[in-house]
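Remarks on the structure that follows.
Readers should treat all values here as calculations from the given coordinates under stated rules, not as data from a laboratory. Because the structure is predicted, anything quoted here is derived from the model rather than measured. So basically every Cβ, Gly included, is an ideal-geometry build from the backbone, and we count neighbours across all protein chains shown.
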Amino acid sequence: MINKPKQNIYTGNLTLTKSGNGIVYVPELNTKVEIKPQFLKTALNRDTVSICLQSKQQGSNQISGEVISVVKEAKRGFAGKIVQENGIWFVHTDDPRMPFAITIPANKRKHAKPGQKVFVKIDYWKNRKQPPFGVVIKVLGTPGNIDSEMHGIALEKGFDWEFPPKVQKTAEKLSRNLIKDELVWRKDLRGLTTFTIDPEDAKDFDDALSFEINNDNTYTVGIHIADVSHYVQEDDEIDKEAFKRATSVYLVDRTIPMLPEILSNDLCSLKPNEDKRAFSAIFTLNKQGEVLNEWFGKTLIHSDKRFTYEEAQAVLDSQKGTFFSELETLNILAKKLNKKRIKEGSLIFETEEVKFTLNKKGKPIAVHKKERQDVHKLIEEFMLLANQHVAKFCGFENPKKTRLSIYRIHEKPTQEKTQDLVRYIEMLGYTLPLNKGQIHSVEVNKLFSEVESSLKNQLQTMMVRSMQKARYSTKNVGHFGLAFPFYTHFTSPIRRYPDLMIHRILQTYLQKKSLAKISAKQLEDQCEHCSAQEKEAMEAERKSVKIKQVEYMADRIGQVFKGYVTGITNWGIYVEEQESKAEGMVALRNIHDDLYIFNPNDFVIKGEKNGKEFKIGDTVLIKVKSVDLEEYTIDYVLKK
């Protein structure tokens, strides 16, 4: 143990760079501390570590430090390929930030064969001078096999597609029958016009809408959310597993649910023509979309119809069909809510996403961009409405007295990130005026309306990267991107644990009780866990998309596509294919018409003789040269 003065010791989260160095951000000092590999001990990427500071080097502003201990391990499970070298078994992991191969004792390899993909966990590691030792938990199959890769992604991020037997048994014992006298305290709304609108392939229906016109020409809109808290009791086996997962994971070809399927797809799901328990937020609105009254509480609902997004949009487009009048009015109200939100500073982000058509074996045979139509925005606006008002109700007992709750917060971009973004935008040929050094949403929305289409998606991606990540917290600082002073997640408890938490908090306050069982510190710790799990799930989902893009292009070797330049480096040009959004690289060594020079200041490469330039946003024709299903990479060449 290193003996250091306590005032020189700090705790923070470790980020390992690809070079092997560590970076720890210390909030108290508002600075980053660099940790050289020899001072990392057994700390790995994303661990919470205790560090002591070392002296600055002369002529440098960089503060260096040393890990004293690992306070909390982030990850010790890895997917990778098992090999045998000189009678010793090793696993070379897929994680580029895991700097060591893991040694596997022969009796802990679970009959894995050389070259197979496995999932391992480190079970012994004394110091960084020796390799870690581990045990094979699961044999996944052949590297490059899509099923093996998908399972590896999920397990490495901490999500298992199988539930523990105890959890499964607890779920199977749950009853769907109404409890005696339940309707004494649960409002019966089964007579209201109610429907769900979800993706075509959805199996769990978190939310439903009800609609009625009042005698005074106002409207009552109900946002009805699956009452998961009725079935999942705090600290029971299901609840513990749900908290551990904290979120469902939506990979391209499979879903890893937060709750067992008997709950997510059946008991809790607001399926049509069935009586279902819900937690409802009901609003009275005038024709301008202003909220005149609100009510929250446990209800019993009966969905009259299950719409897919396409079906509901077809009703709006044709101006006829089931519930056309209700959908039309809701759409008008949603547009007014949207207009008000943008006027108050909400950022307009329309990032492009792709959807694959898979055959029975899960192979991608077609791809298209997801289109956001009116009906998508309709659902979004009413979910945002419910989330805002629930957040405010849970945060205030009265206008002057706050109470403990959780929020979905989104902090303003840091000054450093803001300056980097402004430089990037200027490099693209545009400007983003700042207000006292801060990004202003009005200027961002104006920029998006002016930028050419080939740059819009890339610019939005950079904008998202420049901003801080939205997260859960008990400390409300508002939501910068949405421009909401109060915001939480209430509308998806089947797939997000924080929504289940806010359901319990809301019910406690509706009963005029206090959160006596939990402290602010415990609740904040739960928020941090849920935020971390959400990040892991998002990375798994992005990686699954990347795998399917590579798999899709593997069948198109030699074909020519249109693409956009998304990045410039001194070794190549990164290009995103227009339809599949599959990004690959055109190596400079494969551009034969000239010697190209990279200009790092302008992010441009230019031919030494012909003067031809390539810059971000350029449209190019590309031919698929090769793909690597193990490394998830695509090589393109330029086509004249």
Local electrostatic count, GLN559, Cβ distance below 13 Å [Lys/Arg +1, Asp/Glu -1]: +2
ARG542/GLN38 FRET efficiency (R0 35 Å; Cβ-Cβ; nearest 0.05): 0.60
About the Cα centre, charge dipole magnitude for the chain (Lys/Arg +1, Asp/Glu -1 at Cβ), debye: 1760 debye
Residues LEU523, LEU263 arranged by fewest to most Cβ contacts within 10 Å: LEU523, LEU263
12 Å beta-carbon shell around VAL49, net charge (K/R +1, D/E -1): 0
Selection from TYR574, VAL560, ILE518, by position along the positive dipole direction of segment 517-595 (Cβ): ILE518
Relative compactness, segment 556-638, computed as alpha-carbon Rg over 2.2 N^0.38 Å: 1.05
Positive-end residue of TRP185, LEU174, PRO96, charge dipole of the chain with Cβ unit charges: PRO96
Formal net charge of residues neighbouring ASP123 (Cβ-Cβ distance under 11 Å; K, R +1; D, E -1): +3
Ellipticity estimate at 222 nm from DSSP helix runs (n ≥ 4, -39,500 (n - 2.57)) divided over the chain, nearest 500: -8500 deg cm²/dmol
Farthest positive-ward along the chain dipole, Cα basis, beta-carbon charges - from LEU263, GLY158, THR17: THR17
Relative contact order for the chain, counting Cα pairs under 8 Å that sit 6 or more residues apart, in percent: 10 percent
Rounded Å value of the spacing that divides the Cα centres of segment 137-194 and segment 314-374: 27 Å
Exposure proxy order (Cβ contacts within 10 Å, fewest to most) of LYS606, LYS18, LYS640: LYS640, LYS18, LYS606
Alpha-carbon centroid distance for the pair segment 269-312 / segment 519-598, whole angstrom: 38 Å
Percentage relative contact order, segment 78-143, counting C-alpha pairs under 8 Å, at least six apart: 33 percent
Residues ASP253, ASP593 arranged by fewest to most Cβ contacts within 10 Å: ASP593, ASP253
